[in-house]
């Protein structure tokens, strides 16, 4: 079984056993929706390409369903800034795959690793570096692969190359799955480490003031002045000693029905 399909099976089993729900929540996905998309990509990857004439074909598992998933997550992106990062990261990942296709040997037997794996790893890393959040990284990991195929097809048409344009076929499922999973994994691991470091150092002097967290450094002097000027005790703020988790664009609490 190809690596991409194997990863889909493993990820589906983990979700069924309750692993990774926190990541899905931050991506605005529930377990049923995630399993539905992964099943569609798995089955679609096993089906033959859908041909539109002799020069163009598209694969359900390698292009159509991943594209729908990327659009679905893009619509659910929390802010315009996050959407902008997703677009930028997608273009960067697509350009990297397109250029890598020019530099890597065209004969797979001449290199030690399958080129599709190289494309997936490269796209996943770049998608995270530009996307940063879990959703943006995953979107870019998927769209980068699809955009690279589209760019190749446009080049074939402009230059009159007789090679047919195939979107999502010839190992693209492996590339899409590896890229998307790697981007999310990097965003999750690095994001958690950064949040823990920030929560343990920069946020230790935080206090809760009028429903917002602000710096508590120098707050003692200000509070004493307020108490001396006013007869009533200050009740609108209190000291917070516990660590504060830093929320990213995709870390806002998921409301019921938001998924």
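Rule-based calculations on the coordinates, nothing more; no lab input. This is a predicted model, so every value here is computed, not measured. No Cβ is skipped: glycine too gets one built from the backbone with ideal geometry, and neighbour counts run over all protein chains shown.
Sorting 126-135, 85-94 by average packing, meaning the other beta carbons within 10 Å per residue, from highest down gives 126-135, 85-94. A simple spin-label model places the labels of residue 196 and residue 99 3.4 nm from each other, with each point 7 Å out along Cα-to-Cβ. Between residue 189 and residue 32, the simple spin-label model (points 7 angstrom out along Cα→Cβ) gives 3.3 nm. Using alpha carbon centroids, what distance separates the stretch 144-168 and the stretch 16-94, in Å? Each part reduced to its Cα centre gives a spacing of 20 Å.
Per residue, the Cα convex hull of the stretch 21-157 amounts to 129 Å³. FRET efficiency for the pair residue 157 and residue 121, taken as 1/(1 + (r/R0)^6) with r the Cβ-Cβ distance and R0 = 25 Å, rounds to 0.30.
The protection proxy used here, the mean number of other Cβ atoms lying within 10 Å of each residue, ranks peptides 12-22, 34-44 as follows, highest first: 34-44, 12-22. Based on the Cβ-Cβ distance from residue 75 to residue 21, what FRET efficiency comes out when R0 is 22 Å, to the nearest 0.05? After rounding to 0.05, the efficiency reads 0.55. Listed from fewest to most Cβ neighbours within 10 Å, the set 112, 1, 143 follows the order 112, 1, 143. Which residues does the label zone of residue 9 cover in the stretch 39-54, counting backbone N under 18 Å from a point 7 Å along Cα→Cβ? Zone members listed by number: 39-47.
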